[in-house]
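FYI, it's all coordinate maths here, none of it is from the lab. What you see is a predicted model; the values in this text were computed from it and never measured. All Cβ positions, glycine included, derive from the backbone under ideal geometry; neighbour counts span all protein chains shown.
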Amino acid sequence: MQNEIAKAAETRTVKVTYEMHNPDIDQQVKYFNGPVVEYFTIQSTDATENRPQSAQLKQYREMILNDIMGFDVELPDGRIVRQRKSTATFQSVQKWHTFLEELRETYFEPNGYELPDSGEFWDLEREHGYDRAQQISIETLQKKLRRKLSPQSTGE
């Protein structure tokens, strides 16, 4: 009994790690993982109705990240070695800006795709909340895409 009381009274050391929180970086992460990836997926698949499923969004997000930031390598024994850098290493808004500009130049402009306007998106978010802003943004994109893909707009 005395041993149990002594063990319970032992002091424990707790390690605490502090990280600087930058809400602007959090906003960039949400913007990329939300509207940017969804815009790219919708336009890549000509999805004029309904929103893409999460598995499809994940697939297109991984494709973007692999192409821009490197990729994982599968070894002959089947193990996968992580070679790709992570967006978690972006410690400044400028790094995110550079990444998004590269994304625009690499994926969106060459394919004639529209990148969501971040100012418009965050204005919608302030007015309606994040989820509703994303829904409004996607509905607007899909309307534009339907017009673009309709036979009347191509002169047929």
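A few remarks follow.
- Pairs of Lys residues in the chain that lie 8 or more places apart, or on two chains, and have C-alpha atoms under 24 angstrom apart add up to 11.
- Tail fraction, Cα-Cα pairs, the stretch 22-149, threshold 23 Å, whole percent: 36 percent
- Ranking Ile138, Leu103, Pro116 by how far each Cα lies toward the positive end of the dipole of the stretch 102-147 (charges on Cβ) leaves Ile138 at the top.
- Computed per residue of the chain from DSSP H runs no shorter than four, each worth -39500 (n - 2.57), the mean residue ellipticity at 222 nm is -16500 deg cm²/dmol.
- Placing +1 on the Cβ of every Lys and Arg and -1 on the Cβ of every Asp and Glu, with no other charges, gives the chain a dipole of roughly 340 debye about its Cα centre.
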